[in-house]
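> Below: one structure in structure tokens.
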Amino acid sequence: MKISFTLNNERFSIDVIEDMRLLDFLRDELGLTGTKEGCGEGECGACTVIIDGKAVNSCLVLLPEIDGSEVTTIEGLSKDGELDTIQKAFVDQGAVQCGFCTPGMIMSAKALLDKNDSPSDEEIMEAIEGNLCRCTGYYKIVQAIKAAAENLRNTNGK
Amino acid sequence: MSFDVQMPTSEEGLVSLLSKESSHILAGGTDLLVKIRLKRVIPKTIVSLRHLKGLDRIEDLGDKMRVGCRVTISELLNSEIISRHARILQMALRQIGSPQIRNRATLAGNIINASPAGDSIVAMVLSNASLSIGSANGERYERVVDFIRGPGVTTLSRGEFVKSITFEKTDVLFPQFHKVGQRNSMAISVASVGSLTSESEIRLAFGSVAPTVVVPIDACEYYSAEIDSFDEERFVELAMKCVTPIDDVRATAWYRTTVVRNLIHRTLKVWRKKGYNAV
Ligand SMILES: Cc1cc2nc3c(=O)[nH]c(=O)nc-3n(C[C@@H](O)[C@@H](O)[C@H](O)COP(=O)(O)OP(=O)(O)OC[C@H]3O[C@@H](n4cnc5c(N)ncnc54)[C@H](O)[C@@H]3O)c2cc1C
Ligand code: FES
Ligand code: FES
């Protein structure tokens, strides 16, 4: 089946294997291994990517379903070798331990902050409730997202 | 996995693909893809709704509302008319999964999955919802309570699909949705109790405590009949008649029974105080 989509700002128009999950396409066909597989059933959020502005589990998306969509993965965030604001905040705040949950966590944070750069603690917790972290206890992750929001507000001149 | 994927753009195209053996509709995929992975469903053809024209709106029909089968849970939660006229649905949908799940999952898919724990089903039963079901032979209508026959079992037959869901506006009734789960919002519930209440009427529905979402009709009738001599213990006793829980990985039957009993008492208490801060 031939489909067209945008991935990390690059246009694709290609023949794809129909019964493949988006997650496997990213990791195995394109070598974009930043997106992780934890549970494979929508429970852990390690596979989170953004499709048309919304955070989704790429383990629950069939590849043909992205036809006509705009997809962003963790690899699409840094520019010219420089980390983006959210990535930087995670590093600065020590919100990364083993790092397995981090790409998914950052994509959920990005989906939130792209719409709302002044989220409350509650809104932050809700945005990452589908992302499991076994290391950090979430506190530093929430701090990192708050710090990123503040940096975004500063650069947006608010 | 080995199947082909079709993306019809018209209802005619969709219906003709559904007549094929082992063809399954894909809406948000949050149930279907998990089932395929667990090999509980082995499809030959997946019919995606992604490029279907229409059936993607939330419509105000006066005293009712209609939701197309492609509308996601996130879209419903962001809808002005839903928050104004269907607060019970909003309360139930907030309890489903995570943002990632709600961004894909549809209301229609949640109903068709017919889980005893289906959160939207509780709200839809309380709102007297019915489905419009399309096929090559035209359209039929069925109430959600009649549509769901058992856990995962519905009256949908091959070649049929759910076009839309229609339900009553319930602005005048006081809504409550109580759910006890294991982990906040990801957990499929241990037990849930939804209700719509006024001075003269109560509508109640329970999730996860019987093979399907159930309505304790006797208790609801008792409430309306005995407004002056209402006895709470009697009411709860009548309501508990339809509670027939099982032991499973999430909870024991004893625990579920205790939870529902407490949630029914809480429902009455919150109604009397007209606010959740009463709890
Ligand atoms: C991690 C996780 C957490 C969850 N938490 C909850 C929860 O807390 N509460 C809860 O109630 N549910 C929960 N769910 C289940 C919930 O996501 C689904 O029930 C969802 O609403 C189904 O909608 P969908 O669009 O994804 O359906 P799909 O998976 O696409 O389809 C479900 C079924 O319905 C059929 N179907 C879909 N649309 C139609 C149609 N229009 N006509 C005919 N057949 C159709 C499909 O063929 C399939 O059999 C959870 C799921 C996951 C993975
Ligand atoms: S791998 Fe997709 S949610 Fe866990
Ligand atoms: S840092 Fe290890 S799982 Fe989150």
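The values are calculated or read from the model by the stated rules, or taken from the named source; none is laboratory data. What you are looking at is a predicted structure, and each value in this text was computed from that prediction instead of being measured. Note that each Cβ is placed from the backbone with ideal geometry, even for glycine, and that neighbours are counted across all protein chains shown. Side chains included, ligands, DNA and RNA excluded: accessible areas come from the protein's heavy atoms. Shrake-Rupley method; radii C 1.70, N 1.55, O 1.52, S 1.80 Å.
> Residues with beta-carbon under 14 Å from that of B:ALA86, excluding B:ALA86: net charge, scoring Lys, Arg +1 and Asp, Glu -1?
-1
> Once amide H atoms are built 1.01 Å from N in the peptide plane, which residues 5 or more positions from B:ALA191, or in another chain, come under 5 Å H to H?
Amide H neighbours of B:ALA191, under 5 Å, 5+ apart: B:VAL180.
> From the square roots a ≥ b ≥ c of the eigenvalues of the alpha-carbon gyration tensor of the protein assembly as shown, which class results: rounded (a/c under 1.5), prolate (a/b over b/c), or oblate?
Oblate, because a/c is 1.5 or more while a/b does not exceed b/c.
> On to the next question. Using per-residue counts of other Cβ atoms within 10 Å, averaged over each peptide, order B:64-71, B:14-21 from highest down.
B:64-71, B:14-21
> Pull out a ≥ b ≥ c, the square roots of the eigenvalues of the alpha-carbon gyration tensor of segment B:1-135, then state rounded if a/c is under 1.5, prolate if not and a/b is larger than b/c, and oblate in the remaining case. Numbers along the way, then the final one.
Numbers: a/c = 2.07, a/b = 1.49, b/c = 1.39.
Prolate shape, in that a/c is at least 1.5 and a/b is the bigger ratio.
> Would you mind working out the accessible area per residue for segment B:4-48, using a 1.4 Å probe, and quoting it in Å²?
Values: 2130 Å² over 45 residues.
On a per-residue basis, segment B:4-48 sits at 47 Å².
> List the relative contact order of chain B as a percent without decimals, with contacts defined as Cα pairs under 8 Å and 6+ residues apart.
Relative contact order, chain B: 15 percent.
> Within 10 Å of each Cβ of B:91-102, how many other protein chain Cβ atoms are there on average? It would help to have the intermediate numbers written out before the result.
On the way: counts 0, 0, 0, 1, 0, 0, 5, 15, 14, 20, 9, 4.
If you average over the peptide's residues, the count of other-chain Cβ atoms is 6.
> Separate question: As an exercise, use a Förster radius of 41 Å and the Cβ-Cβ distance of B:ASP63 and B:HIS265 to find the FRET efficiency, rounded to the nearest 0.05.
Using R0 = 41 Å, I get an efficiency of 0.80.
> Using only protein heavy atoms and a 1.4 angstrom probe, determine the accessible area buried between A and B, summed over both sides, in Å² to the nearest 100. Write out the running numbers ahead of the final one.
On the way: alone 8550 and 13780 Å², together 19760 Å².
Summing both chains' loss of accessible area gives about 2600 Å².
> Counting only protein heavy atoms, probe 1.4 Å: which residues of segment B:42-59 lose 20 Å² or more of accessible surface in the full assembly compared with their chain by itself?
Residues meeting the cut-off: B:ARG50, B:HIS51.
> Let me have the 222 nm mean residue ellipticity of chain A computed from DSSP H runs of 4+ only, each contributing -39500 (n - 2.57), with the sum over all residues rounded to the nearest 500.
-9000 deg cm²/dmol
> Given the pairs A:LYS79/B:LYS39; A:LYS2/B:LYS35; A:LYS54/B:LYS53; A:LYS88/B:LYS35; B:LYS35/B:LYS64, which are separated by over 30 angstrom at their Cα positions?
Checking Cα-Cα distances, A:LYS79/B:LYS39; A:LYS88/B:LYS35; B:LYS35/B:LYS64 exceed 30 Å.
> Just report the Cα centroid separation between segment B:84-161 and segment B:207-279, whole Å.
Segment B:84-161 and segment B:207-279 have Cα centres separated by 22 Å.
> Given contacts defined as C-alpha pairs under 8 Å and at least six residues apart, what's the relative contact order of segment B:174-278, whole-number percent?
Once divided by the residue count of segment B:174-278, the mean separation gives 23 percent.
> Sticking with this one: Between segment B:20-63 and segment A:75-119, how many Å separate their Cα centres?
A separation of 32 Å, based on Cα centres.
> Looking only at A:ASN116, A:ASN57, A:ASN131, which one moves most when chain A is put into a Gaussian network model with springs between Cα atoms under 10 Å?
Judging by the Gaussian network model, the answer is A:ASN116.
> Would you mind putting A:43-54, A:118-129 in packing order, based on average other-beta-carbon counts within 10 Å, highest first?
A:43-54, A:118-129
> Something else now. What do you get for trypsin sites (Lys or Arg not before Pro) in segment B:195-279 restricted to DSSP loop and a cutoff of at most 14 other Cβ within 10 Å of the site's Cβ?
B:LYS274
> Lysines near A:LYS36 by alpha-carbon distance under 17 Å, same-chain residues fewer than 8 away left out - which ones?
In chain and number order, the partners are A:LYS110.
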